[in-house]
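What follows is one structure encoded as structure tokens, with my remarks underneath.
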Amino acid sequence: MVFDRPIGQNQGVAFPIAEAYIEMAAANLMRWRACALFDGKQPCGAEANMAKHLAAKVSWEAANVCLQTHGGFGFACDYDIERKFRETRLYQVAPISTNMVFSYIAEHVLGLPRSF
Ligand SMILES: Cc1cc2nc3c(=O)[nH]c(=O)nc-3n(C[C@H](O)[C@H](O)[C@H](O)COP(=O)(O)OP(=O)(O)OC[C@H]3O[C@@H](n4cnc5c(N)ncnc54)[C@H](O)[C@@H]3O)c2cc1C
């Protein structure tokens, strides 16, 4: 509570959280699309790569919003927010890096020439 009301009552706080929720929902749909193709024994490389990229991107953005929302407390180890912030950054590197996803999409989906 700040100024005797929940901080989420401020649109400046609520809107970035709403945006993160929307983008996570979209990433989740791509995840399920890839799963459905895989279960149907259909090619799913593009969807799996896109789902991985979207999830990595939006989880990082959501973690950033979370840190901002918590202000200075976001950096206190007790709340585990700085830990989740660091951990979500991992997904742009491993299990495959963002550039590898872009490379797959550029070459195998868009038909662009290989760069090497
Ligand atoms: C916490 C953690 C746990 C892990 N656990 C496992 C595990 O259990 N099993 C396992 O096998 N591996 C594991 N890994 C390794 C992980 O799979 C690799 O770190 C990941 O694939 C990235 O490869 P790399 O580290 O060699 O980085 P690199 O591929 O060398 O990437 C370094 C940079 O170069 C860029 N880059 C690389 N190639 C290209 C290219 N062709 N074009 C443009 N840019 C490029 C990348 O985008 C990145 O920015 C783990 C890594 C971490 C951090």
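Please treat every number below as a calculation from the coordinates, not as lab data. What you are looking at is a predicted structure, and each value in this text was computed from that prediction instead of being measured. Heads up, the Cβs are rebuilt from the backbone with ideal geometry, glycines too, and the neighbour counts pull from every protein chain shown.
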Practice problem: Give me a count of the residues in the stretch 97-111 that are more than 15 Å from the ligand (Cβ to nearest atom) and part of a loop (DSSP other than H, G, I, E, B). | Solution: 2
Quiz prompt | All positions within the stretch 86-116 that are touching a helix residue (DSSP H, G or I) at 6+ places or on another chain (Cβ under 6 Å) and in contact (Cβ under 8 Å) with a residue 60 or more places away in the chain | solution = V109
